[in-house]
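Colleague: One structure, as structure tokens, below. Some questions next.
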Amino acid sequence: MATENSNYSAPVESVDVVEDVQAKAIENLSAEGVEQVAPASEVSEEDAVFDAEQAGLSLGEEIAEEMLSDDVKGGDVANMSKQELVSLFASLLESEPVHTLRKKVEAIKIAFYKQHRAEVDAARKAFEAENGEEAEFTPAADALEIELKELFKEYRSRRDSYIADLDKIKEENLKIKLAIIEELKELVNSDETINTTFAKFRELQQRWKDTGVVPQAQVKDLWETYNLHVENFYNFIKINKELRDLDLKKNYEAKLSLCEQAEALIMEPSIIDAFHKLQKLHDEWRETGPVANEFKEQLWERFKDASSRINKQHQEYFDAIKREQTRNLELKTELCEKTEALIEQPFTSRKEWNKASEQLLDIQKIWRTIGFAPKKDNTRIYERFRTACDGFFAAKREFYAGIKSEMEHNLQLKTEICEAAEALQASEDWKHTTDELIALQAKWKEIGAVPRRYSEQIWKRFRAACDAFFEHKSKHFAGVESQYEENLQKKQALIEEMAAADIKSGGYDMIKEFQRRWSEIGYVPIKHKDSIQKSYKQAVDAMFAVLRGSEHDRSMNRFKERLQSMKGGGADKRLRAERERLYNKVRQLEQDIALLENNIGFFSKSKNADAMVADIREKIARSKRELQQAIEKVVLIDKENAAE
């Protein structure tokens, strides 16, 4: 079974190990003669808290803030201004030991760069709102940030000096403890009284306890040697059993309390705090003397079991962080691939570039929500993402630089259009000038964008020239509006006269006269143009229908008289010949109508074919009337044959 001197230790803290705690923990975990377990990962404070001024992104603040103690996170620091944070930093450097400042410095840096990023983002949005997204934004220098960086440089310099001095101190402490061990060896050969020797022994124990940490490589052997000579001293001096039992009982109660405290740490909400407190309990355990042999193994197993559970929780916590960091690397890799894919797209218009920019901004927002990648990959994946983003915006700047000259050319073309419009604005050739201005407006729309600073100015110039002509035209035509109303009334009266006319007696000459009179009447208001023209056409069509009806009746009467004249000798032969002629005419008309209707399908797809299509439709209507009349004549012949 394991004993109090068995090889055992909690694993060294994996992430964000502070130098002073690290040194203390290593000695504590080695003091029982324990085996050192390799750390899950070794992340320095610079690696654990992502450098905010370099990244420009809020990466890993959740982990960094979790590592801060209650006296420096949230609360006052989070509510301080940037000036107050810098002043606090300077004050801490002057008033407190450098090795105690890490957590406070990290809290100040996180709070400062949260405010700094917010200010830069606000400045960028204001700049883009004023100058457009294509303009390149360069943040203004921040005097407070420069001062903070100088303080941080001083802090790191002092801390590096402290660490270097700490190594020297460890070597001095090693010499002191080796000297204490030599004095322990000499105690067993002392001729002094028991009380004097025991008092000196206690003094050596206190000196050992007061002496600081030693180099890690010497911790195990040093402690085993010290512990051996302590036990040799107890065995050698053979102090009276009552005094020894009292000391063993006191040590038993102290170690029992340490076991209870270690077990209570299992329920500690913060795994990090529990681990740090456990290191202190190990310090106290090693500084507490031996207990009776019957309790020695039992107490050590109890203390070791509580330590193992805390160390397991601690290791699982950082294993979970490692898994999360691996997943973060996968997510960030996907974002890099999406960004790189954007660079490969052949964007050719401002609209496409703006849409792609929105996509990239969304990708950057998602990036900021993802925490650390593993230490060995974190810088690499960030550099990949930053390179992809820089490549995208470099390509975008190149695109806008390419269209800048095109915009200048467009400005020149639109300036020429403005000059042409201004030359026409006083013209009174209303129809021709209107057509020219409409053509200029169409040409204006075909020309692309101009530089933004000239866009509104050039448009107002062109619009002013157009408006000047059309206002002049409107004033001119306002004077003839009353004449249009009078023309409308004349045309309405003429339509009423056409409807009441006896067209059968007047014939086609009457229709021609009405058409002449209509053409002599001038324009009507534009809103009545279509309706009055439709009424006129209906009146003309009605007159032609009346004439065609009377003509049809006369034609059929003449045909009936002709049929009567055919009666007599050889009438059947003449009727059959006439019927055959009419039947052939019907077939020919049907073919002609089909051909004409087919031709309409071709002509209707051609531009400017309205007149030709109207002529064909008139021919079709005329052919259909002839067809109907021929069929009626065939029916009359058939009736005559049936009557005979």
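Colleague: Restricting to region 100-159, name every residue that is in contact with a Phe, Trp or Tyr (Cβ under 6 Å, 6 or more places away or on another chain), in a helix (DSSP H, G or I) and modelled with pLDDT under 90.
Modeller: The answer is R124, F127.
Colleague: Answer yes or no: is there a residue in region 354-369 that is of a type in the set (A, V, I, L, M, F, W, C), assigned to a helix (DSSP H, G or I) and more than 28 Å from A129 (Cα to Cα).
Modeller: Applying the first criterion (of a type in the set (A, V, I, L, M, F, W, C)) to region 354-369 yields 356, 360-361, 363, 366-367.
Then drop every residue that is not assigned to a helix (DSSP H, G or I), which leaves 356, 360-361, 363, 366-367.
Subset that is more than 28 Å from A129 (Cα to Cα): none.
Within region 354-369, not a single residue is of a type in the set (A, V, I, L, M, F, W, C), assigned to a helix (DSSP H, G or I) and more than 28 Å from A129 (Cα to Cα).
Colleague: Against the definition (open to solvent by less than 50 Å² (accessible area, probe 1.4 Å) and of a type in the set (D, E, K, R)), how does K527 come out, yes or no?
Modeller: On the way: open to solvent by less than 50 Å² (accessible area, probe 1.4 Å): no; of a type in the set (D, E, K, R): yes.
Answer is no for this residue.
Colleague: Oh, and also: Go through region 79-88 and give me each residue that's at pLDDT below 90 and surrounded by 15 or more Cβ atoms within 10 Å (Cβ to Cβ).
Modeller: Step one: list which residues in region 79-88 are at pLDDT below 90, which gives 79, 82.
Within region 79-88, K82 is the sole residue that qualifies.
Colleague: Which one of these does L488 not meet: (1) modelled with pLDDT under 85; (2) of a type in the set (A, V, I, L, M, F, W, C); (3) more than 30 Å from M407 (Cα to Cα)?
Modeller: Answer for L488: the failing condition is (1).
Colleague: Let me ask something else about it. Quick one: how many residues across region 154-171 are charged (D, E, K, R) and within 12 Å of P97 (Cα to Cα)?
Modeller: 2
Colleague: Step by step: first the residues of region 502-518, then only those that are out of contact with any Leu (no Cβ under 8 Å at 6 or more places or on another chain) and assigned to a helix (DSSP H, G or I), then the one that is least open to solvent (accessible area, probe 1.4 Å). Which residue is that?
Modeller: Taking region 502-518 and keeping what is out of contact with any Leu (no Cβ under 8 Å at 6 or more places or on another chain), we get 502, 505-506, 509-510, 512-513, 515-516.
Subset that is assigned to a helix (DSSP H, G or I): 505-506, 509-510, 512-513, 515-516.
Numbers: S505: 90, G506: 25, D509: 114, M510: 56, K512: 128, E513: 77, Q515: 71, R516: 100 Å².
Restricting to residues being out of contact with any Leu (no Cβ under 8 Å at 6 or more places or on another chain) and assigned to a helix (DSSP H, G or I), the top hit is G506.
Colleague: Do you know which of the residues in region 434-458 that are in a helix (DSSP H, G or I) and touching a Lys or Arg at 6+ places or on another chain (Cβ under 8 Å) is nearest to A129 (Cα to Cα)?
Modeller: If we filter region 434-458 for residues that are in a helix (DSSP H, G or I), which is where we start, we get 434-446, 452-458.
If we keep only those that are touching a Lys or Arg at 6+ places or on another chain (Cβ under 8 Å) too, we end up with 434, 444, 458.
Details: T434: 39, W444: 27, I458: 21 Å.
Going through the qualifying residues, I end up with I458.
Colleague: Among (1) surrounded by fewer than 12 Cβ atoms within 10 Å (Cβ to Cβ); (2) closer than 30 Å to F318 by Cα, which single condition is A373 missing?
Modeller: Every condition holds for A373 apart from (1).
Colleague: Whether any residue in region 98-114 is more than 30 Å from F399 (Cα to Cα), β-branched (V, I, T), open to solvent by 30 Å² or more (accessible area, probe 1.4 Å) and in contact (Cβ under 8 Å) with a residue 60 or more places away in the chain is what I want to check.
Modeller: There is at least one residue in region 98-114 that is more than 30 Å from F399 (Cα to Cα), β-branched (V, I, T), open to solvent by 30 Å² or more (accessible area, probe 1.4 Å) and in contact (Cβ under 8 Å) with a residue 60 or more places away in the chain.
Colleague: Check off (1) part of a helix (DSSP H, G or I); (2) among the hydroxyl-bearing types (S, T, Y); (3) over 21 Å from K351 (Cβ atoms) for S427 and give me the number that stays unchecked.
Modeller: (1)
Colleague: Still on this structure, I have one more. Among (1) loosely packed, with under 13 Cβ neighbours inside 10 Å; (2) among the acidic types (D, E); (3) touching a residue at least 60 places away in the same chain (Cβ under 8 Å), where does E316 come up short?
Modeller: (3)
Colleague: Examine region 529-538 for a residue that is outside any helix (DSSP H, G or I) and among the acidic types (D, E), and state whether such a residue exists. Steps first, answer last, please.
Modeller: To start, the set of residues in region 529-538 that are outside any helix (DSSP H, G or I) comprises none.
No, region 529-538 contains no residue that is outside any helix (DSSP H, G or I) and among the acidic types (D, E).
Colleague: Also, I was wondering about something else. If you check I381, I417, which single one turns out to be in contact with a Cys (Cβ under 9 Å, 6 or more places away or on another chain) and part of a helix (DSSP H, G or I)? Lay out the reasoning, then the answer.
Modeller: Values: I417 fails: in contact with a Cys (Cβ under 9 Å, 6 or more places away or on another chain).
On inspection, the qualifying residue turns out to be I381.
Colleague: I'd like the full set of residues that are in contact with a Lys or Arg (Cβ under 8 Å, 6 or more places away or on another chain) and more than 30 Å from R159 (Cα to Cα), limited to region 105-134.
Modeller: Within region 105-134, G132, E134 qualify.
Colleague: Which one is nearest to E260 (Cα to Cα), of the residues in region 274-324 that are assigned to a helix (DSSP H, G or I) and hydroxyl-bearing (S, T, Y)?
Modeller: Of the residues in region 274-324, the ones assigned to a helix (DSSP H, G or I) are 274-287, 293-324.
Within this subset, residues satisfying the condition of being hydroxyl-bearing (S, T, Y) are 307-308, 317.
Working: S307: 11, S308: 14, Y317: 23 Å.
Within region 274-324, the match that is nearest to E260 (Cα to Cα) is S307.
Colleague: If the Cβ limit is 6 Å and pairs must be 6+ apart or interchain, which residue in region 255-267 that is farther than 22 Å from E294 by Cα pairs with which residue that is basic (K, R) and open to solvent by 50 Å² or more (accessible area, probe 1.4 Å)?
Modeller: Correct list of pairs: L265/K277; I266/R309.
Colleague: Please count how many residues of region 367-409 are under 16 Å from E324 (Cβ atoms) and not charged (D, E, K, R).
Modeller: Within region 367-409, residues that are under 16 Å from E324 (Cβ atoms) and not charged (D, E, K, R) number 9.
Colleague: Anything in region 244-302 that is aromatic (F, W, Y) and in contact with an Asp or Glu (Cβ under 9 Å, 6 or more places away or on another chain)? List them, or say none.
Modeller: Taking region 244-302 first, the residues aromatic (F, W, Y) are 252, 275, 285, 295, 300.
Across region 244-302, the qualifying residues are F275, W285, W300.
Colleague: Evaluate region 282-296: report whether one residue or more is free of Cβ contacts under 8 Å to residues at least 24 places away in the same chain and open to solvent by less than 90 Å² (accessible area, probe 1.4 Å). Let's see the steps before the verdict.
Modeller: The first filter runs over region 282-296 and keeps only residues free of Cβ contacts under 8 Å to residues at least 24 places away in the same chain, leaving 293-294.
Still in the running and open to solvent by less than 90 Å² (accessible area, probe 1.4 Å): none.
No - not one qualifying residue is present in region 282-296.
For every residue, the table says whether it meets (1) among the aromatic types (F, W, Y); (2) open to solvent by 50 Å² or more (accessible area, probe 1.4 Å); (3) at pLDDT below 85.
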position	(1), (2), (3)
D165	no, yes, yes
I176	no, yes, no
I181	no, no, no
N195	no, yes, yes
K209	no, yes, no
P215	no, no, no
W223	yes, no, no
F236	yes, yes, yes
L256	no, no, no
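Colleague: Within region 441-460, work out how many residues are open to solvent by less than 30 Å² (accessible area, probe 1.4 Å) and not aromatic (F, W, Y).
Modeller: Applying the first criterion (open to solvent by less than 30 Å² (accessible area, probe 1.4 Å)) to region 441-460 yields 444, 447, 450-451, 458.
Among the residues that remain, those that are also not aromatic (F, W, Y) are: 447, 450-451, 458.
The total comes to 4.
Colleague: Further, regarding this structure: Looking at (1) among the polar types (S, T, N, Q); (2) at pLDDT below 70; (3) open to solvent by less than 50 Å² (accessible area, probe 1.4 Å), which one does S535 not meet, given that it meets all the others?
Modeller: (2)
Colleague: With the condition kept exactly as written, say whether any residue in region 582-589 is over 20 Å from D638 (Cα atoms), touching a helix residue (DSSP H, G or I) at 6+ places or on another chain (Cβ under 6 Å), modelled with pLDDT under 85 and of a type in the set (D, E, K, R).
Modeller: Looking for residues that are over 20 Å from D638 (Cα atoms), touching a helix residue (DSSP H, G or I) at 6+ places or on another chain (Cβ under 6 Å), modelled with pLDDT under 85 and of a type in the set (D, E, K, R), one finds none in region 582-589, hence no.
Matching residues to (1) surrounded by fewer than 15 Cβ atoms within 10 Å (Cβ to Cβ); (2) modelled with pLDDT of 85 or more; (3) aliphatic (A, V, I, L, M); (4) more than 60 Å from the chain's Cα centre (by Cα):
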site: A500; (1), (2), (3), (4): yes, no, yes, yes
site: E520; (1), (2), (3), (4): yes, yes, no, yes
site: G549; (1), (2), (3), (4): yes, no, no, yes
site: D553; (1), (2), (3), (4): yes, no, no, yes
site: R558; (1), (2), (3), (4): yes, no, no, yes
site: G569; (1), (2), (3), (4): yes, no, no, yes
site: R579; (1), (2), (3), (4): no, no, no, yes
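Colleague: If I filter region 361-369 for residues that are open to solvent by 50 Å² or more (accessible area, probe 1.4 Å) and of a type in the set (A, V, I, L, M, F, W, C), do I get at least one hit? It would help to see each step written out before you state the result.
Modeller: If we filter region 361-369 for residues that are open to solvent by 50 Å² or more (accessible area, probe 1.4 Å), which is where we start, we get 361-362, 365-366, 368-369.
Add one more test, that the residue is of a type in the set (A, V, I, L, M, F, W, C), and what stays is 361, 366.
So far as region 361-369 goes, yes, one or more of its residues are open to solvent by 50 Å² or more (accessible area, probe 1.4 Å) and of a type in the set (A, V, I, L, M, F, W, C).
The values are calculated or read from the model by the stated rules, or taken from the named source; none is laboratory data. In this text the structure is predicted, and so the values were computed from the model without any measurement. Glycine gets a Cβ as well: all are built from the backbone with ideal geometry, and neighbour counts include every protein chain shown. Keep in mind that these areas ignore ligands, DNA and RNA; they rest on the heavy atoms of the full protein, side chains included. Shrake-Rupley method; radii C 1.70, N 1.55, O 1.52, S 1.80 Å.
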